[in-house]
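A.B. asks: Supplied in structure tokens, the structure appears directly below.
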Amino acid sequence: SIISKNDLKCSLQQLQCHFTWNLLKEDVDLESLEDKMGHQIEFLTQSLIASYNMLSYVCHLKHLNENALQNLQKAEKEIKRKHPDDIERRSLVTWGNYAWIYYSMNKYEKVQAYLRRVEDTCKKLSSTARFQVQLPEIYSEKGWALLKFGRTYYSRAKESFQNALEREPEDPEFNVGYAIAAYRVENVSGGGSNSETSALEALRRAVELSPNDTSVVALLALKLQDLNLADEGERYIKEAMDKTPDFPYFLRYAAIFYRRKNNVDKALELLRKGLAITPTCSFLHHQMGICYRAQLSELKRKKYAPREQMEELIRLGIFHFKRVVEYKSTCFPAYSDLAGMYAEGKQYHEAEATFQKVFQMTNLHPLDTQFLYYAYGNYQLFHMKSESEAIKYFTEGMKIDQDSLKGAKCKTALQKLLEQRIRKGLGDAAAFSTLGLIHELNREKMQAIECYEKALQLDPENEEYLGALWKLRLSI
């Protein structure tokens, strides 16, 4: 029987697969994601089935539906090889992707065939919903897919792995996925005190269940380093190094560990090794750039820094940061890093152009925007010598979120600048009012009141200052 296109679409929206998980292509760089999935398949860092399903979705987003179908065929082969007794249950996501891709190719009979397969399997598994069944493997695959799409998806990824673990708490892969998601959620938020333990416990548990998954072992080491338990962390790094000396996913995190330990040479050695294996990995290039920047800061502290050496580090830094934005256009922090390096080399025109490029992007996460304001504020202050511009951008950055790491930095930088200006007798009404706001955010009510009163003396008609002052007086 012929079903209308609308009815088909309605059924498709009930499937559990990449097309219904709200994975938006504007949140990723498709080339970079495809590259990454290729590496993951090559180095077997997670279920091949999930990797092929993901690749098929990426191919579809790039309008390469034939390639998308080929990847789904590879996923099917893998399902038959790994789960010969459980083919139907393991194929639900793959079949869902097939149905969507055929729909986009206007092959409606094939769409119906796949919808029937999903429906029949759901019935067999005694599901109440026509096209859905609550399976831990599906939650896990959804979790991995969400992790690939960047920081705005991390909390949802953590939730998906949590759902999988509620059904199978001992499963090693689900535990690894949950630990990685928990670690990333904490990293993005700058790690609040209450959540600190959740990632640490999850990582310890994951390592206990998957001691040979050295990328998660390295994340545990980084977490321990965050919590001032670096010696324990380094023991894990050394053990993992013996197990997988050539595994790029381990090398990248081990390099971060050594860079943060101020052993930049060791970090660079590991990163070069990783780049020899995966030369287009934006993550490794980014870390290389950060290491060269650290070496540059070290040199600048010396009384007589050798000019040629500094120029070489600037050149290398620019080279690697440029590679990052080339290979992964959505790696926003790398643009500020690149602009900062240009500024170090006094290439101000390139620096400004790089900053402006990001300011014009529409899909920035608020924390990325904040990172950008902080970087641009510093650029204005230290390279362009413009205090007023720096104040403007630090203020904008602080307003986004004061509790994040960069928000706190914006606030500190701003407070220092304003207090300096006031000491020099350059404090205008706006300076006092902004300082008042900072004291207010720091819950220092008396200082805040004092600042707002000064602002009002300088600008008696300003209703904003008056309102802020009244609100504070009433709250005491």
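A.B. asks: Mind checking which of L435, L474, L458 is farthest towards the positive end of the stretch 427-475's charge dipole, using Cβ charges of +1 (Lys, Arg) and -1 (Asp, Glu) about the Cα centre?
C.D. replies: Looking along the dipole axis, the top candidate is L474.
A.B. asks: Students often forget the sequence filter, so: which aspartates and glutamates lie under 14 Å Cα-Cα from K273 once same-chain residues fewer than 8 apart are removed?
C.D. replies: Filter leaves D246, D265.
A.B. asks: Using only Cα atoms, tell me the angle between helix 154-167 and the longest principal axis of the chain; keep it within 0 to 90° and round to the nearest 10.
C.D. replies: 40
A.B. asks: Let me know the whole percent of all Cα-Cα pairs from the stretch 1-133 that are separated by more than 26 Å. Walk me through the intermediate numbers first.
C.D. replies: On the way: 1821 of 8778 pairs.
Percent of Cα pairs beyond 26 Å in the stretch 1-133: 21.
A.B. asks: Another one. Cut-off under 20 Å on the C-alpha distance; same-chain residues fewer than 8 positions from K5 excluded. Which aspartates and glutamates are left, in chain and number order?
C.D. replies: E109, E119
A.B. asks: Moving on to the next point. Averaged per residue, what accessible surface does the stretch 1-133 expose to a 1.4 Å probe, in Å²?
C.D. replies: Working: 6720 Å² over 133 residues.
Accessible area per residue: 51 Å².
A.B. asks: I'd like the Karplus ³J(HN,Hα) series for the stretch 270-287: coefficients 6.51, -1.76, 1.60, θ = phi - 60°, whole numbers in Hz, and an x wherever there's a Gly or Pro.
C.D. replies: So the J values, rounded to whole Hz, are 5, 5, 5, 4, x, 5, 5, 8, 10, x, 9, 6, 4, 4, 5, 4, 4, 5.
A.B. asks: Which label belongs to the value computed from this structure, given these candidates for Rg and Dmax of the Cα atoms in Å: (i) 31.4, 119; (ii) 24.5, 82; (iii) 26.1, 83?
C.D. replies: Computed from these coordinates, Rg and Dmax of the Cα atoms in Å corresponds to label (iii).
A.B. asks: Can I ask one more? Just to confirm the number: angle between the C-alpha axis of helix 366-378 and the first principal axis of the chain, 0 to 90 degrees, nearest 10?
C.D. replies: The answer is roughly 30 degrees.
A.B. asks: Something else: Using every pair of alpha-carbon atoms in the stretch 323-450, split the distances into 10 Å bins beginning at 0 and state the percent of pairs per bin, rounded to integers.
C.D. replies: With 10 Å bins starting at 0, P(r) equals 13, 41, 30, 13, 3, 0.
A.B. asks: Suppose every Lys and Arg Cβ carries +1 and every Asp and Glu Cβ carries -1, with no other charges. What dipole size does the stretch 427-475 come out with about its Cα centre, to the nearest 20 debye? Provide the component values of the computation, followed by the final result.
C.D. replies: Details: 5 positive and 9 negative charges, 60 e Å.
Charge dipole of the stretch 427-475: 280 debye, to the nearest 20.
A.B. asks: Let me ask you something else. Quick check for you: which residues of the stretch 101-122 have the amide N under 13 Å from the point 7 Å beyond the Cα of A129 toward its beta carbon?
C.D. replies: Taking a point 7 Å out along Cα→Cβ of A129, the residues of the stretch 101-122 whose backbone N falls under 13 Å are 119, 122.
A.B. asks: Pop out the carbon and sulfur fraction of the accessible area of the chain as a percent, whole number, probe 1.4 Å. Present the calculation step by step, with values, prior to reporting the outcome.
C.D. replies: Values: 11520 of 23380 Å².
Within the chain, the accessible surface is 49 percent carbon and sulfur.
A.B. asks: Charges at C-beta only: +1 for Lys and Arg, -1 for Asp and Glu. How large is the resulting dipole of the chain about its Cα centre, in Debye rounded to 20? Show your work: numbers first, answer last.
C.D. replies: Details: 66 positive and 64 negative charges, 98 e Å.
I would put it at about 480 debye.
A.B. asks: Continuing with this model, one more query. Suppose every Lys and Arg Cβ carries +1 and every Asp and Glu Cβ carries -1, with no other charges. What dipole size does the stretch 104-223 come out with about its Cα centre, to the nearest 20 debye?
C.D. replies: Values: 17 positive and 16 negative charges, 126 e Å.
In debye, rounded to 20, the stretch 104-223 gives about 600.
A.B. asks: Taking Cα centroids, how far is the stretch 246-301 from the stretch 324-366 in Å?
C.D. replies: 20
A.B. asks: Where does the longest stretch of the chain lie that holds no trypsin sites (Lys or Arg not before Pro) found in a DSSP loop with 11 or fewer other Cβ atoms within 10 Å? Could you put the intermediate results ahead of the total?
C.D. replies: Working: sites that count: R301, K302, K303, K346, K385, K424, R443.
Longest stretch, sites excluded: 1-300.
A.B. asks: Rolling a 1.4 angstrom probe over the protein heavy atoms, how many square angstrom per residue are accessible across the stretch 427-475?
C.D. replies: Numbers: 2960 Å² over 49 residues.
Result: 60 Å² of accessible area for each residue.
A.B. asks: Which GluC sites (Glu not before Pro) from the stretch 383-476 combine a DSSP loop assignment with at most 10 other Cβ atoms within 10 Å? Before the final figure, lay out each step's value.
C.D. replies: Details: sites: E387, E389, E396, E419, E440, E444, E450, E453, E461, E463, E464; in loops: E444, E461.
Answer in residue order: E461.
A.B. asks: Which entries in K261/K302; K266/K300; K322/K416 show an alpha-carbon gap greater than 24 Å?
C.D. replies: Details: K261/K302 20 Å; K266/K300 21 Å; K322/K416 32 Å.
Check vs 24 Å cut-off fails for K322/K416.
A.B. asks: By how many degrees, between 0 and 90 and to the nearest 10, does the Cα long axis of helix 108-124 differ from the longest principal axis of the chain?
C.D. replies: Between helix and principal axis, roughly 90 degrees.
A.B. asks: Find the relative contact order for the chain and round it to a whole percent, using C-alpha pairs within less than 8 Å whose residues are 6+ positions apart.
C.D. replies: Working: 598 pairs, mean separation 35.9, N = 476.
Computed value for the chain: 8 percent relative contact order.
A.B. asks: Using the Kirkwood radius built from alpha carbon pairs, what does the Stokes-Einstein equation give as D for the stretch 405-476 at 10 °C and 1.306 mPa s, in µm² per second?
C.D. replies: Values: Rh = 12.2 Å.
Calculated translational D: 130 µm²/s.
A.B. asks: Next up: Quick one: which of K158/K223; K9/K124; K411/K445; K223/K399; K62/K148; K346/K411 span more than 19 angstrom between C-alpha atoms?
C.D. replies: Values: K158/K223 17 Å; K9/K124 23 Å; K411/K445 16 Å; K223/K399 29 Å; K62/K148 16 Å; K346/K411 27 Å.
Over 19 Å Cα-Cα: K9/K124; K223/K399; K346/K411.
A.B. asks: Rounded to whole Hz and in sequence order, give me ³J(HN,Hα) for the stretch 213-228 from the Karplus expression 6.51 cos²θ - 1.76 cosθ + 1.60, θ = phi - 60°, writing x for Gly and Pro.
C.D. replies: Whole-Hz 3J(HN,Hα) from phi for the stretch 213-228: 7, 6, 5, 7, 4, 5, 5, 4, 4, 5, 5, 5, 4, 4, 9, 6.
The values are calculated or read from the model by the stated rules, or taken from the named source; none is laboratory data. All figures in this text were calculated on a predicted structure; none of them were measured in a lab. Neighbour counts run over all protein chains shown; Cβ positions are idealised from the backbone, glycine included. Just the protein is used for accessible areas: all its heavy atoms, side chains included, with ligands, DNA and RNA removed. Shrake-Rupley method; radii C 1.70, N 1.55, O 1.52, S 1.80 Å.
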